[in-house]
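**Q** A single structure is presented below for examination.
Since every read-out is calculated from the coordinates, none of them should be taken as a lab result. If you're wondering where the values come from, they're calculated on a predicted model, not measured in any experiment. When we count neighbours, we look across all protein chains shown, and the Cβ atoms used for this are built from the backbone with ideal geometry, even at glycine.
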Amino acid sequence: MSEFFEKTFYGNTVAEWSVALLIIAGTFIAAKVIYWLSGNILKRITKKTKSKLDDLIIDKIEEPVILGLVLGGIWYAVSYLNVSEGFSNFVNKAFYVAFTFDVSWLVVRLTDSLLVEYLSPLVKKTKGNLDDQLMPIVRKSLKAVIWSVAIVVGLNNAGYDVGALLAGLGLGGLAFAMAAKDSVANIFGGLTVFIDKPFKIGDRIIIDGYDGTVYDMGLRSTKLKTLAGRTVTIPNKNFTEKYIENISSEPSRKVTVTLGLTYDTTPENIQKGIEILKEINKESKYTEGNCITYFSSFGDFSLNINFTYYIKPKPDYWFLAPNEINLQILSKFNEAGLEFAFPTQTILTQEIK
């Protein structure tokens, strides 16, 4: 049996290969045990405390710590073997990069969770809308900064000359600038939106033929949820080049209706119809202010009453109000015996003798 373990394969004995595999297997088992202890014991303990901070920290560092343990076990197992210097250097560099990204992943998860848990509630309590719009940008920018630092640190730990790489980018600066001009334009477009504030998250806007509600704003693009429920991504540079119609900023929606009554309607009934319209506007929960209603004109086949009312600035009301107002008009005019006119013609014929 000892002779079998002393056999050599690829520069290592069977015993050395076995030890390396046992190290890796032991690492995975240890990671599984730690994960179980964290989920079944440690989290139960933190739930009993009054603060949510310990629950948040345990939940967000759990996976990165387990991944770091696994990476460390694999690296140690490979280091135990007799391998070529080139392969050993490659493994070390790969481990440095992977470990740096793992730490960055932990920092991103923890930082973002702290922002959502503690900063977002404070932002929502403020009266202004600017901080609400900036919050998603801050989160995304912070993630970008952390990952950028991770890339630089990871490459530097792996033995690459980051300064030389950045200097090399300068040689192709013009080409890079041409390729990135749209991104720069989108970033400036995003800054323009935050400064000018033509709309905010939750507003319904129309731009470039798209009608929808803004639900996400970034430095590069803004996302709309259309009335059909589809998501449309608009590059921010479009907001500096296109006309934007902010429907939500409308103080109230003006609706004008022309009602035509038959020509045999008496002046008293015309006045009665006007009073009915005023009453409908007054009693409706969807309208605000005084309506404008008057006997407007003698039409070709009807006596016309103009009725203008204003809908309260709530999106649902813009659909519900006309339905309710029109039903009330039809019902109350019928009760009052007021007849609506429809196109008619009187044809006079002359008898030929």
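**Q** Run down the aspartates and glutamates and flag those whose C-alpha is under 20 Å from the C-alpha of Lys332, throwing out any fewer than 8 positions away in its chain.
**A** Counting by Cα, and skipping residues close in sequence, Lys332 has these aspartates and glutamates nearby: Asp264, Glu268, Glu275, Glu279, Glu283, Glu324.
**Q** Something else about it: Which three lengths, in whole Å and largest first, does the range 253-335 cover when its Cα atoms are put on their principal axes?
**A** The Cα atoms of the range 253-335 stretch 40, 23, 19 Å along the principal axes, largest first.
**Q** In whole Hz, with x marking every Gly and Pro, tabulate ³J(HN,Hα) for the range 239-244 from phi via Karplus 6.51 cos²θ - 1.76 cosθ + 1.60, θ = phi - 60°.
**A** 6, 9, 10, 10, 7, 10
**Q** Just want the ordering: Trp36, Trp75, from fewest to most Cβ atoms lying within 10 Å of their own Cβ.
**A** Fewest-to-most Cβ neighbours within 10 Å comes out as Trp36, Trp75.
**Q** Further, regarding this structure: Among Lys43/Lys225; Lys282/Lys314; Lys197/Lys225; Lys52/Lys197; Lys52/Lys93; Lys237/Lys312, which pairs are too far apart, with a Cα-Cα distance over 29 Å?
**A** Lys43/Lys225; Lys52/Lys197; Lys52/Lys93; Lys237/Lys312
**Q** Now, a different point. Counting only other residues whose beta carbon sits under 14 Å from that of Ser302, what net charge do I get with K and R as +1, D and E as -1?
**A** -3
**Q** Additional query: Name the shape class, rounded, prolate or oblate, that the alpha-carbon gyration tensor gives for the range 1-120, where a ≥ b ≥ c are the square roots of its eigenvalues, rounded holds for a/c under 1.5, and otherwise prolate holds if a/b is larger than b/c and oblate otherwise.
**A** Here the range 1-120 falls in the oblate category.
**Q** A further question on this structure: If Lys and Arg each add +1 and Asp and Glu each add -1, what is the summed charge of the other residues whose beta carbon sits under 13 Å from the beta carbon of Leu69? Please report the intermediate quantities before stating the final value.
**A** Details: positive: Lys32; negative: Glu62, Glu63, Asp102.
Spelling it out: positives minus negatives among the neighbours equals -2.
**Q** Where does the charge balance sit around Lys48 when Lys and Arg score +1, Asp and Glu -1, over other residues with C-beta under 14 Å from its C-beta?
**A** Neighbourhood net charge equals +3.
**Q** Would you mind working out the magnitude of the charge dipole of the range 243-353 relative to its Cα centre, with +1 at each Lys and Arg C-beta and -1 at each Asp and Glu C-beta, to the nearest 20 Debye?
**A** 220 debye
**Q** If each residue's Cβ is checked for other Cβ atoms within 10 Å, how do Phe28, Phe298 rank with the fewest at the top?
**A** Ranking Phe28, Phe298 by Cβ neighbours within 10 Å, fewest first, gives Phe298, Phe28.
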